[in-house]
Amino acid sequence: MKIVVAEDYNQMSRMAANLISAQVIMKPNCVLGLATGSTPIGMYNQLIEWYKKGDIDFSQVTSINLDEYRGLAPDNDQSYRYFMDTHFFNHINIDKKRTHVPDGLEPDANKVCRDYNKIITDCGGIDLQLLGIGINGHIGFNEPGTAFEKETHVVDLAESTIRANSRFFASLDEVPKQAYTMGIKTIMQAKKILVVANGKEKAQAIKDAFFGPILPKVPGSVLQLHNDVTLIGDKEALSLILDEIE
Ligand code: GLP
């Protein structure tokens, strides 16, 4: 595992954007596993800037997002489809037909999961998977206790995740209680993984995930078993592991 310490959020975003753009330049028809959340917004902005300068071409890229709230329509401004469109896809030349996010409105949850697994298999797997990390160590929406062998599945969100994500909703009650997420098995099958983290509230999760025991209690800890993981964090997020990496 490679750990890169960034001075601040801007530097973290630029470094992460560099790895994504290197992937796209090396393999223009690559499959990117993408993530939502506040952490990667700066990275998406940087990629948009480089795209506008003519430095990156997304026209052949396929994207597969990690997760989506169950029950939210794509045009709901809290859905992850809406997030991806407004923060990234609408500003670059990716073909929207090749951008995938689980279908939040389909009533049959098993169908959503089956279809999503098939999309991932049909496109030949993920070349580079981007991940943020939850304050409880979750990746995607794989909450503590999730079996490592799961593929795409529907989850009941942890109380702490509902509370953490309520900052984006008008009230706590409006936060969906369930979500679809790529499973840990799916994430681990990606050829490369890039984790981004910033802010001191992530410091404990980063320490537990990258230097603690590998346990379903800390979903991110499974990443220690992957052979090509890069963690880019700002000094605050890495504050509890600086001793271990210097
Ligand atoms: C959310 C998402 C994750 C994200 C994480 C951290 O619940 N499902 O994919 O990585 O929480 O979000 P943030 O970057 O806003 O801290």
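The values are calculated or read from the model by the stated rules, or taken from the named source; none is laboratory data. Treat the numbers as computed from the prediction; the structure is a model and nothing was measured. Backbone-built Cβ (ideal geometry, glycine too); neighbour counts: all protein chains shown. Heads up: the accessible areas ignore ligands, DNA and RNA and are worked out on the full protein's heavy atoms, side chains in. Shrake-Rupley method; radii C 1.70, N 1.55, O 1.52, S 1.80 Å.
Only one entry of M26, M1, M43 meets the criterion of being within 25 Å of N227 (Cβ to Cβ) and at pLDDT below 95, and that entry is M1. Among the conditions (1) under 22 Å from T161 (Cα atoms); (2) in contact with a strand residue (DSSP E or B) (Cβ under 7 Å, 6 or more places away or on another chain), the only one that V229 does not satisfy is (1). Looking across segment 112-141, the residues that are in contact with a strand residue (DSSP E or B) (Cβ under 7 Å, 6 or more places away or on another chain), within 9 Å of the ligand (Cβ to nearest atom) and not aliphatic (A, V, I, L, M) come down to G132, G140, F141.
Residues are listed down the side, and each one gets a yes or a no for (1) among the aliphatic types (A, V, I, L, M); (2) open to solvent by 60 Å² or more (accessible area, probe 1.4 Å); (3) within 16 Å of R70 (Cβ to Cβ); (4) touching a residue at least 60 places away in the same chain (Cβ under 8 Å):
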site	(1), (2), (3), (4)
D95	no, no, no, no
D127	no, no, no, yes
E151	no, yes, no, no
V154	yes, no, yes, yes
S160	no, no, no, no
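Residues that are away from the ligand (no atom under 12 Å from the Cβ) and in contact with a strand residue (DSSP E or B) (Cβ under 9 Å, 6 or more places away or on another chain) within segment 149-177 comprise K150, T152, H153, V154, D156, K177, listed in sequence order.
Can you find, within segment 40-73, the residue that is surrounded by the most Cβ atoms within 10 Å (Cβ to Cβ) among those that are under 18 Å from the mean Cα position of the chain (by Cα) and aromatic (F, W, Y)? Across segment 40-73, the extreme among qualifying residues is Y44. Report yes if some residue within segment 63-71 is basic (K, R), outside any helix (DSSP H, G or I) and either more than 16 Å from the ligand (Cβ to nearest atom) or touching a Phe, Trp or Tyr at 6+ places or on another chain (Cβ under 9 Å) (or both); otherwise report no. Checking segment 63-71: at least one residue is basic (K, R), outside any helix (DSSP H, G or I) and either more than 16 Å from the ligand (Cβ to nearest atom) or touching a Phe, Trp or Tyr at 6+ places or on another chain (Cβ under 9 Å) (or both). When N76 is tested against the conditions (1) assigned to a helix (DSSP H, G or I); (2) surrounded by 14 or more Cβ atoms within 10 Å (Cβ to Cβ); (3) within 16 Å of the ligand (Cβ to nearest atom), the lone failure is (1). Applying the criterion of at least 2 residues that are modelled with pLDDT of 95 or more and surrounded by fewer than 22 Cβ atoms within 10 Å (Cβ to Cβ) to the helices (runs of 4 or more DSSP H) found wholly in segment 173-246 leaves 184-188, 203-211.
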